[in-house]
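Some notes on the structure that comes next.
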Ligand SMILES: Nc1ncnc2c1ncn2[C@@H]1O[C@H](COP(=O)(O)OP(=O)(O)O)[C@@H](O)[C@H]1O
Ligand SMILES: [Mg+2]
């Protein structure tokens, strides 16, 4: 038995009197996808924020490949292999696709961007980086790879999401956290984005994913296992089939009396 890639126990985040995450226990194995669902305000984004070092936990532990996550800075957590996308688009829309994606490769380095651009082997390094950016973009959409120096704001919503996901993936994460990737997209765009992700997963079988998503069709399609949060607590863990039958989950979504 090998240890899970991610192991959290008793993870708790409080904001004053509000407990946003309440004693969460969760384990994620390499190569698996967890579908994380729950009503608005149930603590899903807070979980991602604490795992990536943006928030400090009030209590509990989290380990990535048996190494304590909370001993690390956000940069070191990134280097250790945790990457994410945000619920709201975080692209710099007036900057090029290349700048947006390359940021994912450079942000975890201790050198600032300025230092990198002063280095002697500037040319070769930039050429290599352009190739990396081009090849990851091509895996999602060749049209993005063919327009690397166009501003990101020229692209449609689905391509902007793809660019954000490329920015997260270019650092070769072991664990990718996706916060509502389908937000603002049509069902058809969502289906295509999930096709892309499933294709990517086939070629990167060790990559683990935690996907926060409201679209139950998406959850059913991509999740190996589902976790439901309500008021910061885990109220369900199991298969999608069991989730849709679960009384506590129905009550959390529909209110009592159903
Ligand atoms: N930085 C913060 N300061 C205070 N309260 C917060 C903060 N971030 C989240 N919360 C609160 O924590 C709860 C969980 O929020 P969040 O994790 O964003 O939920 P979800 O992503 O599931 O919709 C909410 O009540 C929210 O208002
Ligand atoms: Mg959220």
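A few comments on the model shown:
- Using just its DSSP H runs of length 4 or more, each adding -39500 (n - 2.57), the chain gives a mean residue ellipticity at 222 nm of -11500 deg cm²/dmol after division by all residues.
- Pairwise FRET efficiency - residue 123 versus residue 29, Cβ, R0 = 35 Å, nearest 0.05: 0.25
- Considering only beta bridges that DSSP places wholly inside the chain, some 55 percent are antiparallel.
- Inter-site label distance for residue 59 and residue 217 at 7 Å from Cα along Cβ, in nm: 4.2 nm
- Coarse-grained scattering of the chain at q = 0.14, 0.15 Å⁻¹, given as base-10 log I(q)/I(0) from a Debye sum over alpha-carbon atoms: -0.99, -1.12
- Annotation: the residues 107, 225, sorted from fewest to most other C-beta atoms within 10 Å of their own C-beta, follow the order 107, 225.
- For the range 5-117, the spherically averaged projection of the C-alpha convex hull amounts to 8.8 nm².
No value in this document is a laboratory result; all are computed from the given coordinates. Predicted model only: the values in this text are computed from it and were never measured. Methodologically, a virtual Cβ is constructed for each residue, glycine included, from the backbone with ideal geometry; neighbour enumeration extends over all protein chains shown.
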